[in-house]
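K.L.:
Once you've had a glance at the structure underneath, I'll fire off some questions.
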Amino acid sequence: MLSYTTKVTDLDVMDVKDYLRVDFTEDDMLLSTMLGAAQSFIQSYLNRKFTDFEEIPGEFTIACLALVAHWYERREIQPDKAAEELSYLFAGLLDMHRSWNGSVDIKVVIPEVIEGEIILWTQEI
């Protein structure tokens with residue numbers, strides 16, 4: 001269950017569904033994909049891995065959930081006012097933790113359903 005102490009690295013599909021108030025299973029695979037992509041996106045934006053932090057800031061969890069919500073509610077790739085607002089959210093929450101030098105190797109989480117179970121695979125990008 002999602003709580004104020006949940007770290008971005010501990011988020012799972014149930015936490016995302018709780019945040020979005022989704023109570024059905026049809027979109028679990030989609031939400032799992034979006035969660036992995038949001039976590040990777042944040043690390044890429046920061047130019048740092050979550051493991052680079054001694055203590056992972058709570059702002060990362062908020063940013064991750066907001067990004068998944070944005071993608072889930074819109075499901076389209078086109079500029080809109082909400083996308084502009086999202087960039088302000090990212091700047092406000094994440095820029096203070098961002099490394100402005102270099103880049104970081106990121107692993108993408110790839111969900112797959114095998115015999116009714118969601119299996120998460122990782123791949124470096």
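The values are calculated or read from the model by the stated rules, or taken from the named source; none is laboratory data. Just so it is clear, the structure is predicted and the values come from calculations on it, not from any experiment. Every residue, glycine as well, gets a Cβ built from its backbone with ideal geometry; the counts of neighbours run over all protein chains shown. Just so you know, the surface numbers come from the protein's heavy atoms only, side chains and all, with ligands and any DNA or RNA stripped out. Shrake-Rupley method; radii C 1.70, N 1.55, O 1.52, S 1.80 Å.
K.L.:
Spot the failing condition for S3; the list is (1) farther than 23 Å from Y88 by Cα; (2) crowded, with 17+ Cβ neighbours inside 10 Å, and only one is missed.
P.N.:
S3 satisfies every listed condition except (2).
K.L.:
Would you mind telling me which numbered condition in (1) at pLDDT 80 or above; (2) touching a helix residue (DSSP H, G or I) at 6+ places or on another chain (Cβ under 8 Å) D52 fails?
P.N.:
(2)
K.L.:
When the residues of region 23-77 are narrowed to those that are acidic (D, E) and part of a helix (DSSP H, G or I), which ends up least open to solvent (accessible area, probe 1.4 Å)?
P.N.:
D28
K.L.:
Please go through region 14-45 and pick out each residue that is of a type in the set (A, V, I, L, M) and under 19 Å from R74 (Cβ atoms).
P.N.:
Hits for region 14-45 are V16, L20, V22, M29, L30, L31, M34, L35, A37, A38, I42.
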